[in-house]
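Q: Sharing a structure here in structure tokens format.
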Amino acid sequence: MIAAFIDDISPQLVKWRRSFHREPELGFMEYITTYKIGKELQRLGYTIYLGKDVMQDESRLGVPENKKLIEQETIAQEWGVEESWLHHMRGGFTGVIATIDTGKTGNHLSFRFDIDALPIDECKESSHFPSQHHFASAFQNVMHACGHDGHMTIGLGLAAFIAKYINELKGRYTLIFQPAEEGGRGAKAIVDKGWLDDVDYFYAGHIGIQPLAVGEVAATTKGFLASTKLNVTFQGESSHAGMQPELGKNALLAAATAVSNLYAIPRHSEGITRINVGKLMAGNGRNIIADNSKMEVETRGITRKVNQYMFEEAKRIIESAASMHDVHSHIEEVGSTNEIVCSEELISHISACCANGVYIKNIIPEITVMGSEDASYMVDQVQKNGGKATYMLFGTHLHYPHHHPRFDFQEELLPVALETFIRIVLAERTSS
């Protein structure tokens, strides 16, 4: 059953992946993406939820300014997204949740697949596989450089399997196609809407991260860091830099002072910490005292406690730099994640499910990562209510790192990941 299904759907998996890759969209602006996923889920017979049914409005973080949302909505219209769908998504309410009930008593399983891209201009050289095969990003400065195009594809493949064999399954299934994972912005709003409240088993995963061979699957991960994402602005006063520099209040110098001291925050005795200033913009011209500056900053820590230490120190330094240069500062939290502690019981469960895999070659019990993931909020919610949850990795060779203009993955992993989820679903038939 499994091998035949995957063999039949594999060409479609490649088509889906390449279509998603060619049409990437940033977080809370995934209008085309949501439409394409939702239409397929509807066709398969799922009950789908859109717009404010997906997310708690006030829990969203880092929503783009309205001008950008409107621009992307216009692009979506040009690409054929129906007005009835845009009506639900307008204002950045992207993402789709699909549910299906077998009508038979059983566990409630939920699977999460992230759908957003990154603000990266994709490599157009012919040696880059997507460019060579004509599915590189159609949009400037937007790229699927983290594998989410593959995640969505795997999710649709799983949805197709469940729909086809629904009469042979039991329990309920919730498939979450989540917007705005990058920057830790979308998951908490879904959790706060209640979608994870009665889930018995939750599964999420990621392509790559660690360079494993195709066919290798990590059942659990450890090391995901808690994180806080910040937008910082400094507001000063401009003046002529030559004639009356003393009348200016230099927001550029305040930002520069903050940057140099942020990287000097002492490390914490309880574990790993990180801080990064990923973007800095300031000033208006060479002969003008800069009256404005903006920074994009993130802190990370091995636990929520350690990350909170980094955040508080960063806040203190930013405010002190503003005071030193007599300018005003404003700090806005635009994203956050927690650490992830996977349910150890799922190691043996996944290993047993996948023992006779066709495409799966090896199950690694646990692997260490160092990124951050807002699926942490979903894991926490399920475990808090007595359920089990894990975050898996699916192996691929990585010629270039994630978030790189030449990032790509081996499409041969798609059947591997799909088989993993299918075998987890089929194991429910014999669960008590």
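Q: Return one number: the angle in degrees, 0 to 90 and rounded to the nearest 10, between the long axis of the Cα atoms of helix 304-324 and the longest principal axis of the Cα atoms of the chain.
A: The helix 304-324 is inclined about 20 degrees to the chain.
Q: Filter the trypsin sites (Lys or Arg not before Pro) in the range 325-432 down to the DSSP loop ones having no more than 15 other Cβ atoms within 10 Å, then list what survives. Intermediate values should be presented prior to the final figure.
A: Numbers: sites: Lys361, Lys384, Lys388, Arg406, Arg423, Arg429; in loops: Lys361, Arg406.
When the trypsin sites (Lys or Arg not before Pro) of the range 325-432 are filtered for loop state and at most 15 Cβ neighbours within 10 Å, Lys361 remain.
Q: Right, next: When the chain is modelled as a GNM with alpha-carbon springs shorter than 10 Å, which of Gly27, Gly186, Gly215 fluctuates the most?
A: Gly215
Q: Here is a follow-up. Hey, can you grab everything whose amide H is under 5 Å from the amide H of Met143? Only 5+ residues off in sequence or another chain; H modelled, so Pro and N-termini drop out.
A: Leu118, Ile120
Q: Next question. Report the far tail of the P(r) of the range 105-160, meaning the percent of Cα-Cα pairs longer than 17 Å.
A: Numbers: 768 of 1540 pairs.
In whole percent, the long-distance tail amounts to 50.
Q: From the residues His402, Asn338, Asn385, which one has its Cα farthest along the dipole of the range 322-432 in the positive direction, the dipole being from +1 and -1 charges on Cβ of Lys/Arg and Asp/Glu about the Cα centre?
A: Asn385
Q: Next up: Using θ = phi - 60° and the Karplus form 6.51 cos²θ - 1.76 cosθ + 1.60, what ³J(HN,Hα) does each residue of the range 180-196 get, whole Hz, x for Gly and Pro?
A: Per-residue couplings from phi come out as 6, 6, 4, x, x, 10, x, 5, 4, 5, 6, 4, 5, 7, x, 5, 9 Hz.
Q: Which of Arg60, Arg267, Arg300 ends up with the largest GNM mean-square fluctuation for the chain, with Cα atoms connected below 10 Å?
A: Highest fluctuation among the options: Arg267.
Q: Related question: [x] 0.95; [y] 1.04; [z] 1.00: which one is Rg/Rh (Cα atoms, Kirkwood Rh) as calculated from this entry?
A: After the calculation, the listed value that fits is [z].
Q: Where only protein heavy atoms count, and the probe is 1.4 Å, what is the accessible area per residue for the chain in Å²? Please list the in-between numbers first.
A: Working: 17900 Å² over 432 residues.
So the chain comes to 41 Å² accessible per residue, rounded to a whole number.
Q: OK, next. Of all the stretches in the chain, which is the longest one without any exposed loop site, taking GluC sites (Glu not before Pro) in a DSSP loop (any state but H, G, I, E, B) with at most 11 other Cβ atoms within 10 Å?
A: Values: sites that count: Glu65, Glu82, Glu125.
So the longest stretch without any such site is 126-432.
Q: Rounded, prolate or oblate, given the Cα gyration tensor of the range 332-381, with a/c below 1.5 counting as rounded? Can you show the working numbers first?
A: Details: a/c = 3.08, a/b = 2.44, b/c = 1.27.
Taking the square roots of the gyration eigenvalues as a ≥ b ≥ c, the range 332-381 is prolate.
Q: Helix 31-44 versus the longest principal axis of the chain: what angle, 0 to 90°, nearest 10, using Cα atoms?
A: The answer is roughly 10 degrees.
Q: Kindly express, to the nearest 10 degrees and within the range 0 to 90, the angle between helix 251-262's C-alpha long axis and the longest C-alpha principal axis of the chain.
A: Taking Cα atoms only, the helix is inclined about 60 degrees.
Q: What residue among Asn356, Asn231, Asn250 shows peak mean-square fluctuation when the chain is described by a Gaussian network model with Cα springs under 10 Å?
A: Between Asn356, Asn231, Asn250, it is Asn356 that shows the largest mean-square fluctuation.
Q: Just order 93-99, 221-227, 256-262 by mean Cβ neighbour count inside 10 Å, highest at the front, would you?
A: Ranked by mean Cβ neighbours within 10 Å, highest first: 93-99, 221-227, 256-262.
Q: Give Lys188/Lys388; Lys68/Lys315; Lys193/Lys305; Lys39/Lys279; Lys36/Lys315; Lys170/Lys305 a once-over and call out the pairs whose C-alpha atoms are over 30 Å from each other.
A: Flagged as over cut-off: Lys39/Lys279; Lys36/Lys315; Lys170/Lys305.
Q: Further question on the same structure: Tell me the carbon and sulfur percent of the accessible area for the chain, rounded to whole percent, probe radius 1.4 Å. Provide the component values of the computation, followed by the final result.
A: Numbers: 8770 of 17900 Å².
C and S atoms contribute 49 percent here.
The values are calculated or read from the model by the stated rules, or taken from the named source; none is laboratory data. Being a predicted model, the structure only gives us computed values, none of them experimental. FYI the Cβ positions are ideal-geometry reconstructions off the backbone, even for glycines, and counts take in every protein chain you see. Calculation scope for accessible area: heavy atoms of the full protein, side chains included, ligands and nucleic acids excluded. Shrake-Rupley method; radii C 1.70, N 1.55, O 1.52, S 1.80 Å.
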